[in-house]
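Comments concern the structure below.
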Amino acid sequence: MDFSNHDELGQIEAALRSERPRLGGDVESAICGRVGGGRSGGRRRASMAVVLSVGTLVAMSAFGGVGYANFGFQFNPFPSHSSHSPFKDQYGKGGKGHKKHNNHGNKGGNRYGNR
Amino acid sequence: MGRPTPDPLAHPERLTQSVYAYVAYRIGAGPDAEDATSEVFARALRYRSTFDAAKGTPAAWLTGIARRVLAERATEKFAPVGEMPDTAAPGELEHDSVNRVTMQSAVATLGERDRELVALRYGADLTAAQIGDLLDLSPNAVEVALHRALRRLRAALEGDVVPEPRVQRSAMPSTADGV
């Protein structure tokens, strides 16, 4: 190389750029493939998350969905006629506020003798 | 909500050549440079999410990783560069290849600091401002240092040996880029 011209530093700069070392095609494609593989791996994870979410929603809607399940729990459209509860089994009809309930031992009236 | 961070490895083809050219100007072309380049991209994949576009371009980010990789390798196994291995191009040596080897050989005779500057500017294709960010120098200081390095390179190409002023290792710019 002859760099004896006036603009020889410019020529050296140009030569450094044009003759810079180049990576072999096989190594370059191997690195690019790995970089691209890393990127597609991220996409694969994201698409897997989407597929699982959609699958869950489809399964839930097949059974009526969350709203339907909640509605069925609160407002049973087919109430059972033989509704038993531990309280009714032990104390019969009436609940806590039943008028005939008396736990003071005197028949009628209250503890002060009033009827 | 902030702007989505761009993928620094979205266009790896151009970046692999830049990183390899930088590494090859630093340590000489060949299998070692290929290994180092591969390692740079392995780390880049690992730290891809830490890339901050506000701090620089993907090329500058990768060059920072490459500097770190070379610094670590230098302490591990690399012999001091100066003797460049004879790397013949596949097939017959054409004029272009001879020139390339000659230029690389001339670069290899430069001191470490000059070689770093030449590799950053003409291998990684960074601007003076980007080089200044990496080496903690002003762009003007980078330009001046590059001019001197080119003069020494010209002397090496013409067969004259112009020794670079000895630079203490501790005085060299830090290669710790945090990656």
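Tabulated data
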{"item": "Inter-chain shielding of B:13-25 (mean C-beta neighbours from other protein chains, 10 Å cut-off)", "result": "4"}
{"item": "Ranking of B:Glu13, A:Glu8, B:Glu116, B:Glu34 by count of other Cβ atoms within 10 Å, fewest first", "result": "B:Glu13, A:Glu8, B:Glu34, B:Glu116"}
{"item": "3J(HN,Hα) from dihedral phi, the range B:140-148, Karplus parametrisation 6.51/-1.76/1.60, rounded to Hz, x for glycine, proline", "result": "5, 5, 5, 4, 5, 5, 5, 4, 5"}
{"item": "Averaged over B:39-48, number of beta-carbon atoms from partner chains that fall within 10 Å", "result": "3"}
{"item": "Using a Förster distance of 45 Å, the FRET efficiency for A:Arg34-A:Phe63 (Cβ separation, nearest 0.05)", "result": "0.50"}
{"item": "Cβ-Cβ FRET estimate between B:Arg46 and A:Ala49, R0 fixed at 22 Å, reported to 0.05", "result": "0.50"}
{"item": "Using a Förster distance of 35 Å, the FRET efficiency for B:Glu76-A:Gln11 (Cβ separation, nearest 0.05)", "result": "0.40"}
{"item": "Contour excess over end-to-end distance, with Cα ends at A:Thr56 and A:Gln90 and 0.36 nm allotted per residue", "result": "7.8 nm"}
{"item": "Ranked B:Val142, B:Val19, criterion: other C-beta atoms within 10 Å, fewest first", "result": "B:Val142, B:Val19"}
{"item": "Fewest-first ranking of B:Arg152, B:Arg48, using other Cβ atoms within 10 Å as the exposure measure", "result": "B:Arg48, B:Arg152"}
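Only the coordinates and a few stated rules stand behind these numbers; no lab work does. Please read these numbers as outputs of a predicted model, since none were measured by experiment. Virtual Cβ from ideal backbone geometry, glycine too; neighbours counted across all protein chains shown.
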